[in-house]
Amino acid sequence: MKRLFGMLFAVMVACLCAACGAPPEPYTKTAVIMDTVVTIEAEDGEREQAVDEGMAYLQKIDALASQNAGSDLELLRLSAGNGQWVAISPEVFEMLEMSQEWAEKTDGAFDVTVGPVVWLWGIGTEYAKVPSEAELAEARSHVGWQKLELDKSATSARLTEAGMRIHLGAIAKGYAIDGLCAIFKKHGVKNGLVSLGGSSMYAFGKSPKRKPWRIGIRHPRSDDAKEYLAVAPLTDAALSSSGDYERYFEQDGVRYHHIFDPVTGRPADTGVLGVTVIATGGHAGTLTDILTTTLFVMGEEKGKAFLKTCGADASALFIMQEGDTFHFCAATSGDAPAMQDVLTDVAESAQWEAE
Ligand code: ADP
Ligand code: MG
């Protein structure tokens with residue numbers, strides 16, 4: 001009997017040790033939301049509630065930011081130019097407010113009223129085409145952030161000209177990341193990862209290996225979305241990327257992609273293939289999402305100068321190409337670290353540009 005108790009005690013101790021040594025099983029869910037594959041993973045805290053609430057939240061933002069019948073954006077489009085104010089949900093209003101703030105700062109390089117141009121080109125849809133000059137001029141004439149008016153006291157908005165429309169594709173995923181951060185915090189999740197199609201991500205704490213999360217910087221010319229040019233080891237930081245490889249079509253050897261210069265109404269053509277931005281702190285998701293599109297439109301030289309004075313703490317990477325070599329150009333603002341000090345595992349085909 002004594003021996004039996006002894007053995008039982010030994011087994012119990014062994015089980016307990018296994019439990020304290022092994023990392024907890026992460027709780028993960030993946031779904032197609034916001035037109036992309038989203039993954040939410042939580043390691044600790046109220047993991048199940050955090051992930052399930054996070055998924056429901058993404059569905060909500062997806063519906064709110066859509067152009068579907070009855071949505072805020074569709075009602076805004078339908079009443080464009082008729083002088084009527086349209087009541088807007090708090091979430092979409094917040095996105096519009098931040099968009100306008102950055103439209104002003106970027107002198108319109110970031111502009112959610114680019115909707116008519118986005119719609120005309122139809123990149124990523126079966127209707128994608130190179131529009132005629134006349135069509136382009138018409139669409140461009142309806143773009144302009146000054147023609148989107150917001151009334152904060154009534155949470156309402158209006159577009160001052162018929163033919164205008166809003167597209168939130170460059171901010172909604174980043175905004176949703178910030179919402180997921182709040183949900184994780186509420187449920188005490190300290191370690192986890194959220195990824196919205198890989199283009200907007202947030203790394204919470206450490207990975208199950210108890211190390212910073214390893215986020216890949218996508219190879220801009222590989223068909224394999226898992227081929228990386230470098231790795232960003234991240235802890236409590238947001239990372240967004242914008243590139244000409246995400247949604248595009250080719251015609252007569254020209255690549256037409258989904259990031260537009262609002263001035264020309266054409267896909268921004270500055271020689272930049274991709275931009276990645278990393279930031280920490282409140283609104284880091286929205287900030288990085290806005291900045292990648294902005295810096296892509298501005299290009300390397302203008303983008304670097306803009307970043308220095310924009311008042312955010314962010315690390316940016318521009319990716320260019322010369323022959324078979326990819327050029328990495330880093331830019332930093334505020335207290336953020338230099339990208340050269342962040343990135344590891346840089347591929348042989350990539351080279352840092354001399355400062
Ligand atoms: P992704 O959606 O692949 O993460 P982005 O964050 O760069 O890429 O957003 C691109 C989307 O933003 C486009 O599909 C379009 O809807 C919209 N957009 C394109 N150009 C601009 C611009 N200059 N300002 C604001 N939004 C833009
Ligand atoms: Mg963006």
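Taking each pair of different alpha-carbon atoms in the chain once, compute 1/r for the pair, average those values, and report the inverse of that mean as the Kirkwood hydrodynamic radius in Å to one decimal.
21.7 Å
Hey, what do the phi angles of the stretch 132-139 turn into as Karplus ³J(HN,Hα) couplings, whole Hz, using 6.51/-1.76/1.60 and θ = phi - 60°, x for Gly and Pro?
6, 4, 5, 4, 4, 4, 5, 4
As an exercise, take the mean of 1/r over every pair of distinct alpha carbons in the stretch 100-224, invert it, and state the Kirkwood radius in angstroms.
Averaging 1/r across every pair of different Cα atoms and inverting gives 17.8 Å.
What is the sum of charges around Lys29, taking Lys and Arg as +1, Asp and Glu as -1, for the other residues whose C-beta is under 13 Å from the C-beta of Lys29?
Result for the local shell: -3.
Which of His219, His283 has the fewest other C-beta atoms within 10 Å, and how do the rest follow up to the most?
Working: His219 22, His283 18.
Sorted ascending by nearby Cβ count, the order is His283, His219.
Where does each of Thr160, Thr293, Thr344 land when they are ranked from fewest to most other beta-carbon atoms within 10 angstrom?
Working: Thr160 14, Thr293 27, Thr344 11.
With the fewest neighbours first, Thr160, Thr293, Thr344 line up as Thr344, Thr160, Thr293.
Under 9 Å from the Cβ of Thr113, count the other residues' Cβ atoms, weight Lys and Arg +1, Asp and Glu -1, and hand me the total.
Residues near Thr113 contribute +1 overall.
Set the bar at 30 Å for Cα to Cα. Now go through Lys60/Lys304; Lys147/Lys185; Lys173/Lys302; Lys186/Lys206; Lys173/Lys226; Lys152/Lys302 and name every pair that lies beyond it.
Values: Lys60/Lys304 35 Å; Lys147/Lys185 37 Å; Lys173/Lys302 25 Å; Lys186/Lys206 18 Å; Lys173/Lys226 20 Å; Lys152/Lys302 32 Å.
Among Lys60/Lys304; Lys147/Lys185; Lys173/Lys302; Lys186/Lys206; Lys173/Lys226; Lys152/Lys302, the Cα-Cα distance tops 30 Å for Lys60/Lys304; Lys147/Lys185; Lys152/Lys302.
Relative to the longest principal axis of the chain, what angle (0 to 90°, nearest 10) does the C-alpha long axis of helix 284-309 take?
With rounding to tens, the tilt is 60 degrees.
Would you grab the residues whose amide H sits under 5 Å from the one on Ser207? Only those 5+ places off in sequence or on another chain, please, with H modelled 1.01 Å from N.
Trp213
What angle, in degrees between 0 and 90 and rounded to the nearest 10, separates the Cα long axis of helix 172-186 from the longest principal axis of the Cα atoms of the chain?
30 degrees
Going from the alpha-carbon gyration tensor of the stretch 66-159, what semi-axes, largest first and in whole Å, does one get by taking the root of 5 times each eigenvalue?
On the way: eigenvalues 112, 49, 32 Å².
Semi-axes, largest first: 24, 16, 13 Å.
Whole-Hz Karplus ³J(HN,Hα) for the stretch 220-236, in order, using 6.51 cos²θ - 1.76 cosθ + 1.60 and θ = phi - 60°, x for Gly and Pro?
Rounded to whole hertz, the list is x, 10, 9, 6, 8, 5, 9, 8, 10, 8, 6, 10, 10, x, 10, 9, 6.
What list of whole percents do you get for P(r) of the stretch 252-322, with Cα-Cα distances grouped in 10 Å bins up to the one holding the largest distance?
Percent of Cα pairs in each bin: 20, 51, 25, 5, 0.
Tell me, Tyr248, Tyr27 in order of fewest to most beta-carbon neighbours within 10 Å?
Ordered by Cβ neighbours within 10 Å, fewest first: Tyr248, Tyr27.
With Cβ to Cβ distances under 10 Å as the rule, what net charge do the other residues near Met320 carry (K, R +1; D, E -1)?
-3
Please determine, in degrees from 0 to 90 and to the nearest 10, the orientation of helix 90-105 with respect to the longest principal axis defined by the Cα atoms of the chain, where the helix direction is its Cα long axis.
60 degrees
Of the peptides 55-67, 143-155, how do they stack up when ordered by the mean number of other Cβ atoms within 10 Å, highest first?
In decreasing order of mean packing, 55-67, 143-155 become 55-67, 143-155.
Volume per residue, Å³, of the convex hull around the alpha-carbon atoms of the stretch 296-355?
Dividing the Cα hull volume of the stretch 296-355 by its residues yields 83 Å³.
Show me, for the stretch 241-256, the HN-Hα J-couplings you get by feeding each phi into the Karplus relation (A = 6.51, B = -1.76, C = 1.60, θ = phi - 60°), rounded to Hz, glycine and proline as x.
Whole-Hz 3J(HN,Hα) from phi for the stretch 241-256: 9, 10, x, 7, 9, 6, 9, 6, 9, 10, 9, 6, x, 9, 8, 10.
Sorted by mean Cβ packing within 10 Å, highest first, what order do the peptides 70-79, 193-202, 108-117, 36-45 take?
108-117, 193-202, 36-45, 70-79
With runs of 4+ DSSP H residues as the only contributors, calculate the mean residue ellipticity of the chain at 222 nm using -39,500 (n - 2.57) per run, divided by the residue total and rounded to the nearest 500.
Numbers: 9 runs with 122 residues, N = 355.
So the helix-based figure for the chain works out to -11000 deg cm²/dmol.
Here, each number is a calculation from the coordinates, and none is a lab measurement. If you're wondering where the values come from, they're calculated on a predicted model, not measured in any experiment. Neighbour counts are summed over all protein chains in view; Cβ atoms, including those assigned to glycine, are modelled from backbone coordinates with ideal geometry.
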